[in-house]
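To keep things clear, I will list the structure first and then write my remarks on it.
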Amino acid sequence: MTFGADRRAEFASALDRPAAHASSAPAAPSPAPAMPELPMPVRKGRTVSIWVYGVLVFALIALIAYFTVFIGAGASAVGLVLALIPLGIVLFGVRLIDRWEPEPKSLVVFALGWGAVVSVGITLLVDLLLAKAVGTRSEFFGAVIQAPVVEEIAKGLGVFLIFVIGRRAFDGPVDGVVYGALIGAGFAFTENIQYFGISLLTGGASDLTLTFILRGLVSPFAHAMFTALTGFAIGLAARRGATAGQALRSGVLGLIGAIALHAYWNGSSLLGDFLFLYLTTQIPLFVGFILAIIGLRREEARLTRHRLGDYAAAGWFTPQEIVMLATPAGRKAGLQWAAGLRGDRRPLMRSFIKDATELAAVRQRSLTGRDPHAAADEYALLMRSRNTRAQLLAY
């Protein structure tokens, strides 16, 4: 079952003709010889240019210089070490969200870099310009107005750029939440370095401990949650096959929500009993956020199963394989089965699951007509899935 370029030109989709086995077959097809060179999905629209990373590195150098001059190398180093703890907590949470269909590593790194370097740089630059223009501002203005507006715009711009740069890896609301949370995590990491360093310099170990508890342990997900709203809105537009302009308009609505939540979060520490408001509103908000994520994950799994069902109807997968590839319980059972095969074939099963999940996303993008590389990706992923199945069943 090999198709050349001339053969592929005869149809628009692999669904136009059946695979080698019928979808009603109760078992997987007979093992086939491994292909020496498997096609790869098109990388364009799923990666970040090396020149973009060059800009991030330049901004990072400038940021390091800022911290060294205004905080000092010693306090900055202490702040950096402590800031790694809440960063690790948030990244673990984001990893749980992103497990179903992991985002490309280059875009993950870009999201973290944008949040940790560029967003912080924009925020510091605006603060400097405002200081020169209007002088000293009140604590209320800085915390409830300036910080939410400037920071969320800076972070939200990063989410929109990921949509533009990595359009073919931005498939829906869950992806938007992941990218937004990663940018928020990066921003909080750098901001925590500053807060922890200043606390150490001005109040010693006692102030540092209190700041670490409040920012690092009590509310490590705050920035991730704010920017996830912007990402969610852009992700909804992405699912509908939106253009950049349409995604921007949708993102603005999410941005307004992010700014409002950020302002409320900051204001609760200034305008009332922080502990009371934290227990009665901030914790329920966080719980609501978690429940929303669970709902989005279930919807993503449902869509994966539905789209892979299209291929099962055309004969590419059996119904049993769809259950294994597109449900949490099925994936767990598949990995357990692969672990018992000769040589422990869980890596092959993970590859099978990954390619099938990506195939479902490709199918969704092709239905919206927004992915010019959908046919090439579909062919590559089907061939890779066929080859992996053969290796799993080989004796």
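No value in this document is a laboratory result; all are computed from the given coordinates. For clarity, every value in this text was computed on a predicted model and none was experimentally measured. Every residue, glycine as well, gets a Cβ built from its backbone with ideal geometry; the counts of neighbours run over all protein chains shown.
Values as computed for the structure displayed
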| item | result |
| --- | --- |
| Most mobile of Gly184, Gly231, Gly216 in a GNM of the chain (Cα contacts under 10 Å) | Gly216 |
| The stretch 38-138 - convex hull of alpha carbons, volume per residue in Å³ | 171 Å³ |
| Axial C-alpha extent at least 20 Å, average Kyte-Doolittle at least 0.0 - helices from the chain (DSSP) | 50-70, 73-98, 120-134, 147-165, 173-211, 222-239, 244-267, 283-313 |
| Order of Val120, Val159 - criterion: other Cβ atoms within 10 Å of each residue's Cβ, fewest first | Val120, Val159 |
| Whichever aspartates and glutamates have a C-alpha closer than 15 Å to that of Lys155, once near sequence neighbours (fewer than 8 apart) are set aside | Glu191 |
| Scattering curve values for the stretch 65-124, log₁₀ I(q)/I(0), Debye with Cα scatterers, q = 0.15, 0.18, 0.21, 0.24 Å⁻¹ | -0.61, -0.81, -0.98, -1.11 |
| Centre separation in Å (Cα based) which lies between the stretch 195-273 and the stretch 41-115 | 16 Å |
| The stretch 50-271 - Kirkwood radius from inverse mean 1/r over Cα pairs (Å) | 17.6 Å |
| Listed residue (Pro319, Leu308, Thr368) projecting farthest to the positive dipole end of the stretch 285-395, Cβ model | Pro319 |
| Relative packing of peptides 89-101, 308-320 - highest average C-beta neighbours within 10 Å first | 308-320, 89-101 |
| Exposed-loop-free span, longest in the chain, where GluC sites (Glu not before Pro) count as exposed if DSSP calls them loop and at most 12 other C-beta atoms lie within 10 Å | 38-395 |
| Size of electric dipole in the chain: Cβ of Lys, Arg +1 and of Asp, Glu -1, about Cα centre, debye, nearest 20 | 1060 debye |
| Diffusion coefficient, µm² s⁻¹, Stokes-Einstein with Kirkwood Rh over alpha-carbon pairs of the stretch 285-395 at 10 °C and 1.306 mPa s | 107 µm²/s |
| Extent along principal axes [Cα atoms of the stretch 107-209; Å; largest to smallest] | 47, 34, 18 |
| Kirkwood Rh, angstrom, the chain [1 / mean 1/r, Cα pairs] | 23.0 Å |
| Straight-distance crosslink candidates among lysines, where the alpha carbon sits under 17 Å from Lys105 and sequence neighbours closer than 8 are dropped | Lys44, Lys354 |
